[in-house]
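The values are calculated or read from the model by the stated rules, or taken from the named source; none is laboratory data. Treat the numbers as computed from the prediction; the structure is a model and nothing was measured. Note that each Cβ is placed from the backbone with ideal geometry, even for glycine, and that neighbours are counted across all protein chains shown. We work out accessible area using only protein heavy atoms, side chains counted, and drop any ligands, DNA or RNA first. Shrake-Rupley method; radii C 1.70, N 1.55, O 1.52, S 1.80 Å.
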Amino acid sequence: MAATQVLDDPLRFDRPAPPATVVIFGANGDLTQRKLMPALYRLAFERRLAPGFAVIGTSRTVMSDAEFRAKMRAGVEKYLEDSPFDAALWEEFERGLYYLAGDISGDALYHELGAKLAAVEAERHTGGNALFYLSTQPSYYARVAEGLGTAGLQRTEDPAAWRRIIVEKPFGHDQASARQLNASLHGVFEEPNIYRIDHYLGKETVQNILAFRFGNGIFEPLWNRRYVNHVQITAAENIGVEGRGGYYQEAGALRDMIQNHLMQVMATIAMEPPAVFDAATVRDERAKLLRSIRILKPDEVATHAVAGQYGPAQIGGERLAGFREEKGVAPDARTDTYAAVTLFIENWRWAGVPFYIRSGKRLPKRVTDIAIQFNTAPLSLFADGEPGKWPNLLVVRIQPEEGISLRFFSKRPGSGMTLRPVTMDFNYGTSFGERSPSAYETLLLDALLGDPTLYTRQDMVEASWAVVQPILDVWSGSRFEFPNYASGTWGPKESEEMLARRGHVWRIP
Amino acid sequence: MPADAARLLHELDETWRGLGKDQDKDLGTGVLRACAMTLIVAAAEADDPQELGGMLSSLMQQHPSRTIVVRTCPHRDEVEARTTVQCWMPFGRRQQICGEWIEIYAGTAQFGEVALLLLGLTVPDLPVVFWVRHTALGHLDALRPVLSMATRVIVDTSEADDQVSALDAVRSLAQDGPDGHEPVWRLADLAWGRITRWRKALAGILRNAPAPSRGSIRWAGEKMSMPACYLDAWLRSVFPGIEIDLASSDPVRPPVNVGRIRVVQLNGAGVDVRLERPTGGPNVVAITDGLQSGLVFPRLDEATLLAEELGIAGPDHLFREALKVARTG
Ligand SMILES: NC(=O)c1ccc[n+]([C@@H]2O[C@H](COP(=O)([O-])OP(=O)(O)OC[C@H]3O[C@@H](n4cnc5c(N)ncnc54)[C@H](OP(=O)(O)O)[C@@H]3O)[C@@H](O)[C@H]2O)c1
């Protein structure tokens with residue numbers, strides 16, 4: 001018997017990541033510097049990487065290994081969050097960083113990459129394992145997979161070695177292109193080796209939703225249509241498109257946030273308890289939930305979805321540009337910088353409970369949270385309360401301050417029965433002094449360990465596109481009076497009207 | 001004034017109120033109260049307050065708690081107590097996090113009184129961890145009412161001179177529940193944490209390898225080291241039938257916190273692994289099938305070991321199994 005499992009002690013030490021080379025396509029880009037390298041460095045800091053760990057970065061710009069290392073170091077020093085930079089550790093870490101210049105569209109890159117992988121394997125003892133990370137323009141994703149396939153890099157001779165591919169967001173720009181991309185990837189890689197990233201699933205607080213729901217017996221009995229009145233999911237940003245106008249113009253809030261991140265969050269909040277906590281079962285439940293979301297008919301879109309675009313505003317003496325004035329954005333752009341949808345889940349637990357999801361840019365603050373609004377008491381004994389002030393509310397805060405709050409009515413001190421809403425707060429950061437790993441740390445490590453629980457699967461991606469597609473279709477043929485909300489406000493008035501139809505109001509998070 | 005739980009808690013409340021007022025002045029960048037457990041530390045009068053304090057407050061950052069230090073002062077005939085609030089500023093944050101601290105001084109004769117005081121001071125509905133740092137295990141009887149509400153009891157046999165009685169004491173604490181049942185607390189021994197690095201290294205090296213059939217462990221110091229005793233027990237519990245030869249390789253016992261295990265060797269069909277730590281320092285040489293590589297085992301102090309134990313949720317089956325088969329020679 002191999003000694004493998006009996007020696008592991010998950011209580012005390014983490015299973016070490018196996019040796020591997022991470023190949024980053026688009027290594028000269030923003031994501032690599034801002035997120036990927038700081039996450040890998042941090043994993044090295046935590047001693048979670050094997051000694052035989054290496055990175056091969058590739059993009060068109062010609063750089064030596066030394067130049068690439070210096071650029072990555074600058075990125076890590078600048079973007080490393082919550083922890084100090086250790087120069088000695090960096091020196092050890094950077095010995096495993098290599099660079100290869102080349103063009104994704106040509107064939108040469110992939111053959112050179114094959115040779116480079118073999119050389120790095122010999123030098124760093126990576127055991128032939130490789131994780132390909134697509135951190136470049138989405139239009140290249142299929143091309144990279146094809147190139148890897150042509151050069152035979154998607155597999156190795158050694159049956160113990162693995163080859164996996166991580167695909168960044170966005171996964172397609174509509175249902176058809178998502179299917180197409182799946183087909184292209186499947187032409188080269190098998191589904192278990194495809195890791196589609198949704199960094200929201202890597203966030204500690206999103207994972208904590210599962211612990212909260214299924215680790216406690218208190219809330220689950222209330223988690224259904226009998227007690228829950230409606231659910232609001234908000235992802236607001238106070239910034240605009242910040243130089244990414246060209247990209248964002250093509251995407252919009254519905255594609256960029258709701259189709260992927262917020263629908264995954266919704267699945268996590270609403271899914272059935274998995275029978276066991278393993279990757280396949282958890283993902284099956286998420287997928288099942290996404291498939292249960294009612295698909296809107298074209299004539300329902302107007303009442304169930306709202307598009308918005310921010311206009312200019314004068315805030316504190318400063319003039320903020322409207323979306324159409326942003327760099328790289330067409331003056332008549334029809335992009336939704338705000339989107340709100342009403343969704344229903346067609347299963348026994350949730351039938352009839354509206355799930356309102358909204359996301360937008362240039363809103364009053366940066367906040368992501370989920371609010372479960374419970375039904376009010378059946379009889380209002382204390383008529384003097386402040387109605388509409390959101391008691392009976394459970395809020396799961398994802399950012400910026402991660403935690404969970406329960407809002408309920410309490411008696412105001414003094415004589416008389418006056419009620420006031422109060423909050424009971426659990427704050428993630430203060431209950432655990434430990435630092436939470438960033439979403440990218442969690443996800444990269446999981447991919448190295450071969451654990452896809454927090455990655456999305458083909459059926460999940462296609463199910464969420466199926467929900468969003470009818471809205472996109474109607475919107476593409478509609479004329480909107482854009483801009484329809486001023487920067488620094490909570491979005492267009494149509495969004496308020498959408499909730500008012502069911503007697504609800506958006507919370508102010 | 002004799003120590004009184006209600007008065008001490010009131011004192012703490014007052015301190016918090018004071019800190020809360022400062023918070024307003026500070027435009028919201030004040031303090032946050034954090035607590036995940038009650039940590040009771042049984043310490044000796046002679047324990048250096050600076051060292052113990054520094055150690056416990058570094059621990060508090062990862063495991064915020066109401067910390068209650070009980071100092072045994074043999075000649076004291078009255079129980080005395082004082083409270084403080086310990087604050088720290090996490091890296092990159094603007095808000096201080098604070099935990100509560102109570103220090104109790106008492107003679108062993110007053111342990112009955114101390115037990116009552118502790119019962120009134122624990123934080124409701126949160127785990128109670130009892131760390132027996134220095135008080136002789138025999139004195140614990142008087143603290144039994146406190147032990148009985150502990151979710152974890154932590155001892156440290158690393159420096160024990162007499163392994164036979166140390167192991168007996170640990171075993172009896174591990175089994176010694178009401179009416180011969182399993183105790184309500186989970187027992188931990190910091191000496192077990194001292195072999196985590198060894199176990200992790202072996203788990204990494206032996207991944208995908210066949211099980212070894214024989215081995216040897218060598219340590220520094222004439223008498224057997226408790227970590228070596230646990231390492232032997234662990235290997236025998238995970239590889240049933242393995243034969244392990246135990247011996248001292250150096251009569252000189254190194255100072256506290258310097259590793260005493262020097263060599264671990266495992267052999268069998270298709271397995272040849274040797275880990276050597278020649279000086280007990282951080283550098284360890286691993287020789288696998290004749291190939292040599294270097295490992296680093298950072299120095300372990302009490303804070304690190306305790307943090308490891310506090311980070312563990314649920315029962316530690318591997319430790320329990322090892323404890324069952326542990327031998328002292
Ligand atoms: N940035 C973020 O915060 C973020 C967040 C979530 C998801 N994403 C996704 O992650 C991916 C990467 O984002 P990013 O912001 O890093 O993009 P980016 O800054 O545009 O980087 C892409 C890199 O790819 C390289 N590249 C472009 N064309 C190439 C070609 N033909 N052959 C080889 N290399 C080429 C470019 O470097 P050279 O000019 O040197 O070739 C460029 O630096 C995108 O899919 C994006 O949607 C980004």
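Within segment B:188-196, does at least one residue satisfy the condition of being within 13 Å of another protein chain (Cβ to nearest Cβ), within 30 Å of B:D272 (Cβ to Cβ), in a helix (DSSP H, G or I) and open to solvent by 20 Å² or more (accessible area, probe 1.4 Å)?
no
Which members of segment B:46-91 meet the condition of being without any contact (Cβ under 8 Å) to a residue 40 or more places away in the chain, open to solvent by 20 Å² or more (accessible area, probe 1.4 Å), touching a Ser or Thr at 6+ places or on another chain (Cβ under 8 Å) and within 14 Å of another protein chain (Cβ to nearest Cβ)?
Correct list: B:Q86, B:W88, B:F91.
How many of the residues making up segment B:226-238 are open to solvent by less than 10 Å² (accessible area, probe 1.4 Å) and touching a residue at least 60 places away in the same chain (Cβ under 8 Å)?
6
Consider segment A:39-78. How many of its residues are away from the ligand (no atom under 13 Å from the Cβ), open to solvent by 10 Å² or more (accessible area, probe 1.4 Å) and part of a helix (DSSP H, G or I)?
Result for segment A:39-78: 11.
Out of all the residues in segment A:1-41, which are touching a helix residue (DSSP H, G or I) at 6+ places or on another chain (Cβ under 6 Å) and within 13 Å of another protein chain (Cβ to nearest Cβ)?
Result: A:A3, A:V6, A:L7, A:D8, A:D9, A:R12, A:F13, A:P16, A:A17.
How about segment A:123-157: which of its residues are basic (K, R) and within 16 Å of the ligand (Cβ to nearest atom)?
Once the filter is applied, which keeps residues that are basic (K, R) and within 16 Å of the ligand (Cβ to nearest atom), segment A:123-157 yields only A:R143.
Any residue in segment A:308-320 that is more than 25 Å from A:R358 (Cβ to Cβ) sitting within a Cβ distance under 7 Å of a residue that is outside any strand (DSSP E or B)? List the pairs, counting only those 6 or more apart or interchain.
A:R319/A:P312
Residue-by-condition table, conditions (1) away from chain A (no Cβ under 14 Å); (2) over 27 Å from the mean Cα position of the chain (by Cα):
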residue: B:V252; (1), (2): yes, no
residue: B:N257; (1), (2): yes, no
residue: B:R262; (1), (2): yes, no
residue: B:L275; (1), (2): no, no
residue: B:G290; (1), (2): yes, yes
residue: B:P298; (1), (2): no, no
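Yes/no matrix, rows are residues, columns are (1) within 14 Å of chain B (Cβ to nearest Cβ); (2) part of a strand (DSSP E or B):
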site: A:L406; (1), (2): no, yes
site: A:M417; (1), (2): no, no
site: A:F426; (1), (2): yes, yes
site: A:S436; (1), (2): yes, no
site: A:L444; (1), (2): no, no
site: A:T453; (1), (2): no, no
site: A:A466; (1), (2): no, no
site: A:I471; (1), (2): no, no
site: A:W475; (1), (2): no, no
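Restricting attention to segment B:148-169, which residues are out of contact with any helix residue (DSSP H, G or I) (no Cβ under 6 Å at 6 or more places or on another chain) and assigned to a loop (DSSP other than H, G, I, E, B)?
B:S148, B:M149, B:A150, B:T151, B:E159, B:D161, B:D162
Checking B:L306 against (1) surrounded by 12 or more Cβ atoms within 10 Å (Cβ to Cβ); (2) away from chain A (no Cβ under 14 Å), which single condition isn't satisfied?
Here B:L306 meets the rest and fails (2).
Checking B:V256 against (1) in a strand (DSSP E or B); (2) open to solvent by 30 Å² or more (accessible area, probe 1.4 Å), which test does it fail?
(1)
When the residues of segment A:201-250 are narrowed to those that are crowded, with 17+ Cβ neighbours inside 10 Å and hydroxyl-bearing (S, T, Y), which ends up farthest from A:N427 (Cα to Cα)?
A:Y248
If A:A88 meets every condition in (1) free of Cβ contacts under 8 Å to residues at least 60 places away in the same chain; (2) surrounded by 12 or more Cβ atoms within 10 Å (Cβ to Cβ) apart from one, which number is that one?
Of (1) free of Cβ contacts under 8 Å to residues at least 60 places away in the same chain; (2) surrounded by 12 or more Cβ atoms within 10 Å (Cβ to Cβ), only one is false for A:A88: (2).
Going by what's in this entry, would B:V263 be described as part of a loop (DSSP other than H, G, I, E, B) and of a type in the set (A, V, I, L, M)?
On the way: part of a loop (DSSP other than H, G, I, E, B): no; of a type in the set (A, V, I, L, M): yes.
Answer is no for this residue.
Please go through segment B:202-220 and give me each residue that is surrounded by 19 or more Cβ atoms within 10 Å (Cβ to Cβ) and outside any loop (DSSP other than H, G, I, E, B), ordered by number.
B:L202, B:A203, B:I205, B:L206, B:G215, B:I217, B:R218, B:W219, B:A220
Those residues that are among the hydrophobic types (A, V, I, L, M, F, W, C), in contact (Cβ under 8 Å) with a residue 40 or more places away in the chain and open to solvent by 10 Å² or more (accessible area, probe 1.4 Å), I need them from segment A:165-200; list them, please. Can you show your working first?
Step one: of segment A:165-200, the residues among the hydrophobic types (A, V, I, L, M, F, W, C) are A:165-167, A:171, A:176, A:178, A:181, A:183, A:185, A:188-189, A:194, A:197.
If we keep only those that are in contact (Cβ under 8 Å) with a residue 40 or more places away in the chain too, we end up with A:166, A:171, A:178, A:181, A:185, A:188-189, A:194, A:197.
Of everything in segment A:165-200, those that are among the hydrophobic types (A, V, I, L, M, F, W, C), in contact (Cβ under 8 Å) with a residue 40 or more places away in the chain and open to solvent by 10 Å² or more (accessible area, probe 1.4 Å) turn out to be A:F171, A:L181, A:V188, A:I197.
Considering only segment A:255-351, give the helices (runs of 4 or more DSSP H) lying wholly within it that have at least 3 residues that are among the aliphatic types (A, V, I, L, M) and open to solvent by less than 30 Å² (accessible area, probe 1.4 Å). Spell out how you get there, then give the answer.
Values: elements: A:263-270, A:279-291, A:301-304.
Output list reads A:263-270, A:279-291.
Examine segment A:172-192 for a residue that is touching a strand residue (DSSP E or B) at 6+ places or on another chain (Cβ under 6 Å) and farther than 14 Å from A:A142 by Cα, and state whether such a residue exists.
Checked segment A:172-192: no residue is touching a strand residue (DSSP E or B) at 6+ places or on another chain (Cβ under 6 Å) and farther than 14 Å from A:A142 by Cα.
Looking at A:L36, A:L100, A:L117, which is the one that is away from the ligand (no atom under 11 Å from the Cβ) and modelled with pLDDT of 95 or more?
A:L117
Is it the case that some residue within segment A:79-90 is within 16 Å of the ligand (Cβ to nearest atom), within 14 Å of chain B (Cβ to nearest Cβ) and either outside any loop (DSSP other than H, G, I, E, B) or of a type in the set (K, R) (or both)? Explain how you work it out, then say what you get.
First, pick out the residues of segment A:79-90 that are within 16 Å of the ligand (Cβ to nearest atom): A:79-81.
Next, from what is left, pick out any that are within 14 Å of chain B (Cβ to nearest Cβ): A:79-81.
This time we only want the ones that are either outside any loop (DSSP other than H, G, I, E, B) or of a type in the set (K, R) (or both), so: A:79.
For segment A:79-90, residues within 16 Å of the ligand (Cβ to nearest atom), within 14 Å of chain B (Cβ to nearest Cβ) and either outside any loop (DSSP other than H, G, I, E, B) or of a type in the set (K, R) (or both): present.
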